[in-house]
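Let me begin by presenting the structure, written as structure tokens, before commenting on it.
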Amino acid sequence: MCTGIRITATGGEVFWGRTMDLGLSFFKNSLEQPFVLPTTITTIPRGWKMSSQLVPWSAKYSVMGMGVRSSTMLFDGVNEKGLAGDLQVLPEATAASLSEIQEQGLKPMLGLEFLTYILTTYQSVQEIRDHYREYALVDQPFKFAGQTFEFPLHYTFTDAGGASVVLEPVDHGAFKLYESVGVVTNGPEYDWHRTNLRNYIHVADKESVQPLVLNKQVTVEPIEFGVGYGMVGLPGDYTSTSRFVRAFYVANSLAPFTRAEGIGQLYGAFKSVTVPRGLELAKQPGQYDYTQYWAGYDLTERTLYVQNCDELALHKLTLNPEITDLVYTDLNQADPI
């Protein structure tokens, strides 16, 4: 589960966001979820020596995003140059052994460290296009707090200029790159989703329709003045394939908006794909995949807006590229909106 959407204001300013839909508990434990990922806003300074369960590296750029306390692993984020990205589950993702990757002359990466690596290393989508073939995901789990985590993942990257790509490790851990249409969900692979959009070319943002006259005898009047008829047939379920189509047409049917209106428009676009608790029953009784949080980014201002979806409040934090220490900011410490 998860949905990502990119929209652009009339002045060219880019806004991008994602829902984090998963059965793990991110903010508080419960009888159903005794283990909680201590999720927080993480800010990594440029030059920070990044620890890794494979090969450490140094952060070329400062980054801020949603991550886990006591770690530099990020779920999503934006760097000081305006490059943003996230990771989402992709069942078709692959990985290879360390020896296989080294034999191919590629650099092995852990799936849950790859997003952080890219955001601390590159400043634009074009740089990612130039270098993505150098990497492959290794078949080793990520270890945290005595637990091991291993998710099949793909990645979206969007920059302040509006360029956006999706990287999918579907070739024995190596990546395929797809130009993004502005939205992303989960499986199947991204090219399938882009092809599937062709089944919905009849969908449009028409405000109304005219009465239909059949055989010059029978007139069929529209219901409720025809509002929303252009979206009739848009899939309404919460599968990844349906969320992809719905997110695409909602994002591309928004009224023009200014930069000041951008986060409000982005938040509104996600209302149709936010998953309430209980709609997606996980394998274990009482555990659900649902929207744990929503994160929206103003890429021009390098500002994060985030909502823990068990609450109504939104919180805001802007990246400070001049920090010199690793900083963890809990949601209630960020500016309330």
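One table, with the values for the structure above:
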{"read-out": "Residue match in the range 234-252 (condition: farther than 18 Å from residue 270 by Cα and in a loop (DSSP other than H, G, I, E, B))", "value": "no"}
{"read-out": "Answer from 278, 230 - the residue that is touching a residue at least 12 places away in the same chain (Cβ under 8 Å), loosely packed, with under 15 Cβ neighbours inside 10 Å and over 25 Å from residue 84 (Cα atoms)", "value": "278"}
{"read-out": "Selection count where residues are closer than 14 Å to residue 140 by Cβ and assigned to a helix (DSSP H, G or I), scope the range 63-104", "value": "5"}
{"read-out": "Options 130, 139: the member that is free of Cβ contacts under 8 Å to residues at least 40 places away in the same chain, among the charged types (D, E, K, R) and surrounded by fewer than 20 Cβ atoms within 10 Å (Cβ to Cβ)", "value": "130"}
{"read-out": "Flag for residue 181 being within 22 Å of residue 76 (Cα to Cα) and buried (at least 16 other Cβ atoms within 10 Å of the Cβ)", "value": "yes"}
{"read-out": "Exclusive hit being in contact with a Phe, Trp or Tyr (Cβ under 8 Å, 6 or more places away or on another chain) and without any contact (Cβ under 8 Å) to a residue 12 or more places away in the chain, set 185, 148", "value": "148"}
{"read-out": "Contacts under 7 angstrom Cβ, first residue in the range 310-331 being touching a residue at least 24 places away in the same chain (Cβ under 8 Å), partner in a loop (DSSP other than H, G, I, E, B) and aromatic (Phe, Trp, Tyr), 6 or more apart", "value": "310/27; 326/48"}
{"read-out": "Residue 261, sole failed condition from (1) more than 20 Å from the chain's Cα centre (by Cα); (2) acidic (Asp, Glu); (3) loosely packed, with under 14 Cβ neighbours inside 10 Å; (4) modelled with pLDDT of 95 or more", "value": "(3)"}
{"read-out": "Residue within the range 67-76 that is in contact (Cβ under 8 Å) with a residue 40 or more places away in the chain, touching a strand residue (DSSP E or B) at 6+ places or on another chain (Cβ under 8 Å) and of a type in the set (Lys, Arg) present", "value": "yes"}
{"read-out": "Residue check, residue 219 at pLDDT below 95 and within 30 Å of residue 141 (Cβ to Cβ)", "value": "no"}
{"read-out": "Members of the range 61-97 found to be closer than 18 Å to residue 135 by Cα, charged (D, E, K, R) and over 16 Å from the mean Cα position of the chain (by Cα), listed by number", "value": "92"}
{"read-out": "Qualifying residue in the range 288-303 (condition: charged (D, E, K, R), closer than 20 Å to residue 188 by Cα and in a strand (DSSP E or B))", "value": "yes"}
{"read-out": "Residue in the range 112-120 that is over 19 Å from the mean Cα position of the chain (by Cα) and either at pLDDT 95 or above or farther than 22 Å from residue 44 by Cα (or both) present", "value": "no"}
{"read-out": "Lone unmet requirement of (1) surrounded by fewer than 16 Cβ atoms within 10 Å (Cβ to Cβ); (2) under 27 Å from the mean Cα position of the chain (by Cα); (3) of a type outside the set (S, T, N, Q) for residue 220", "value": "(2)"}
{"read-out": "Strands (runs of 3 or more DSSP E) completely within the range 146-192 that count 1 or more residues being over 15 Å from the mean Cα position of the chain (by Cα) and at pLDDT below 95", "value": "147-149"}
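Let's see how each residue does on (1) surrounded by fewer than 19 Cβ atoms within 10 Å (Cβ to Cβ); (2) without any contact (Cβ under 8 Å) to a residue 40 or more places away in the chain; (3) charged (D, E, K, R):
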| site | (1), (2), (3) |
| --- | --- |
| 153 | no, no, no |
| 160 | no, no, no |
| 167 | no, yes, no |
| 171 | yes, no, yes |
| 175 | no, no, no |
| 197 | yes, no, no |
| 200 | yes, no, no |
| 210 | yes, yes, no |
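The values are calculated or read from the model by the stated rules, or taken from the named source; none is laboratory data. This is a predicted model, so every value here is computed, not measured. A quick note on method: Cβ atoms are made from the backbone with ideal geometry, for glycine too, and the neighbour counts reach across all protein chains shown.
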